[in-house]
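Reviewing the structure listed below.
The values are calculated or read from the model by the stated rules, or taken from the named source; none is laboratory data. Since the model is a prediction, treat every value here as computed from it, not as a measurement. Backbone-built Cβ (ideal geometry, glycine too); neighbour counts: all protein chains shown. Keep in mind that these areas ignore ligands, DNA and RNA; they rest on the heavy atoms of the full protein, side chains included. Shrake-Rupley method; radii C 1.70, N 1.55, O 1.52, S 1.80 Å.
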Amino acid sequence: MISVADGQSRILTQVTTVTPPELIPVPKALGRILAEDLRAPFDVPPSDNSAVDGYAVASADIPAEGNATLQVIADLPAGSVFEGALAPGQVIRIMTGAPMPVGADTVIPQELVERDGDRIRIPSIAKGANVRLRGEDVAAGATVIAAGSALRPQELGLIASLGFPQVLVRQRPRVAILSTGDEVAEPGRPRKPGQIYDSNRFSLRGQVEAAGGGVTDLGIVPDLHDALKTRLLEASQTAEIVLTSGGVSVGIYDLVKDVLQEIGGIDFWQVAMQPGRPLAVGRIGPSHFFGLPGNPVASVLTFLLFVRPALWKLAGRRELFPPQFTVVAVEPMRKKTGRREFKRGILRFGARGWEVSTTGPQGSGILTSMVMANCLIIIEEERGDVKPGETVLVEPFEWF
Ligand code: AMP
Ligand code: MG
């Protein structure tokens, strides 16, 4: 049996190729991975401009103290450029975002002036106040988003602000998913006695899509050796990653490992963790294969720990693991030494700062524990039971 960390690094050393780039429209690029450094083609903002609605003045006309009276010669809305230049004693009414007229270097907010016809009285103000300088956000030629970044809404906005309608991203890794088990029934179909509805294919599909992968749904395969073999071979033709759930334990109908040995190879199949100990990792032809456990919590957990980093590496993403941090445990937690345990947690900001409790019963089949949780609680191999007030590691499900 190997540790979680060793399993992760073995998997990541196997993933060496990156999916090819493709050019797609910016509005379709949320969650995709940038394929090359994105450089600014021009300065942002492209010219000095006003940060407020007010009056553009030359600093030479600003009184050191008291007031000065100046003449308003024009109105400048955002989107217009003043053709002339300011002469001494003149000001221009300027709107937020309008380029600074030649001769002006400071803007006085309109709330600070008194206006009478084309005359205004201005107070003293610092030279350069309320002016946004050309290039202060982004300088022409600078890398604004590095290759391997996942594109969030703010990156899409920045890309658009540089005038790009399209962006070069990595193709989505293709992930084939199938469920195994005679007892697993398709939602919407009648359920025979002894059957349960498939949940894993749906949770895993969501996880793959949330991680930026493209899904091929291969349905449910019964516990029949030849059927499983045919379906897995078919999956490996088209997908970079093949995922199954169920059938990797030590039961007599647990066929995944046998089939994998025939048509590919097993790299490892047991990890010192709870839940999720039975997990078969290997290859089928050119595809990476992950035989995830059948228990619904265990299959999602092993996806997050082992499959998602591989998927992200295939997609050329730089960050392969979410952030983890320590918080105070507010309830006792049972823990066996020698393995890494993962509990579903509720992280909140309380009287003692960030604190975490479990969601209640932690059986690996209790899918509602995942629904109630907003984080994983991670208790390292060497630790035993956790007492209230001790700190534990957490990994939030959502982060930025
Ligand atoms: P197995 O490893 O195949 O023995 O499965 C372990 C447990 O997970 C059993 O209780 C299965 O019924 C359950 N299970 C297997 N596959 C699924 C699935 N696709 N959806 C929900 N539960 C499943
Ligand atoms: Mg099974």
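Some points to look at:
- Among G389, Q261, V131 - extreme Cα towards positive end, dipole of the chain, charges at beta-carbon: Q261
- Within the shell of other residues whose beta carbon sits under 12 angstrom from the beta carbon of G345, the net charge comes to -1, with Lys and Arg scored +1 and Asp and Glu -1.
- Rg [Å, one decimal], Dmax [Å, integer] - the chain, C-alpha atoms: 30.1, 94
- Restricting attention to the range 232-383, close to 70% of DSSP beta bridges with both partner residues there are antiparallel.
- With a Förster radius of 41 Å applied to the beta-carbon distance between E83 and E319, the computed FRET efficiency rounds to 0.25.
- Shown for the chain: lysine pairs separated by 8 or more places, or found on different chains, whose C-alpha atoms are under 14 Å apart, numbering 4.
- Applying 1/(1 + (r/R0)^6) with r as the Cβ-Cβ distance of F397 and A140 and R0 = 45 angstrom yields a FRET efficiency of 0.70.
- In the context of the full set of protein chains, the chain has a per residue accessible area of 47 Å² (1.4 Å probe).
- Among 167-177, 88-98, the peptide with the highest mean count of other Cβ atoms within 10 Å heads the list, and the full ranking is 167-177, 88-98.
- Rounded to the nearest 20 debye, dipole of the range 306-400 from Cβ charges on Lys, Arg, Asp, Glu: 220 debye
- Spacing of the modelled spin labels on L112 and R334, each 7 Å from Cα toward Cβ, amounts to 6.8 nm.
- Helix 4-14 axis, angle to the chain major axis (alpha carbon atoms, nearest 10°): 80 degrees
- Surface accessible to a 1.4 Å probe, S364 within the full protein complex, Å²: 30 Å²
- Each Lys and Arg adds +1 at its Cβ and each Asp and Glu adds -1 at its Cβ; summed about the Cα centre, the chain shows a dipole of about 1160 debye.
- Summary of the geometry: the range 75-138 and the range 277-330, compared by the centres of their Cα atoms, lie 56 Å apart.
- Of the GluC sites (Glu not before Pro) found in the range 303-400, those that fall in a DSSP loop while having at most 10 other beta-carbon atoms within 10 Å are E382, E398.
- A 1.4 Å probe over all protein chains sorts M333, M100, M372 by accessible area into M372, M100, M333, starting with the largest.
- Inter-centroid distance (Cα atoms) of the range 9-70 relative to the range 140-160, Å: 8 Å
- In sequence order, calculated HN-Hα J values of the range 130-136 (Karplus, 6.51, -1.76, 1.60; Hz; x Gly/Pro): 6, 10, 8, 7, 3, x, 5
- Accessible carbon and sulfur surface of the chain relative to its total accessible area, %, 1.4 Å: 53 percent
- Rounded to the nearest whole angstrom, the semi-axes of the ellipsoid equivalent to the range 197-304, taken from the Cα gyration tensor as √(5λ), stand at 18, 17, 14, largest first.
- A Förster radius of 60 Å, combined with the Cβ-Cβ distance separating E22 from E390, puts the computed FRET efficiency at roughly 0.80.
- The chain, relative contact order in percent, only Cα pairs under 8 angstrom and at least six apart counted: 16 percent
- Secondary-structure-derived ellipticity at 222 nm for the chain, considering helices only, amounts to -5000 deg cm²/dmol, per-run term -39500 (n - 2.57) for DSSP H runs with n ≥ 4.
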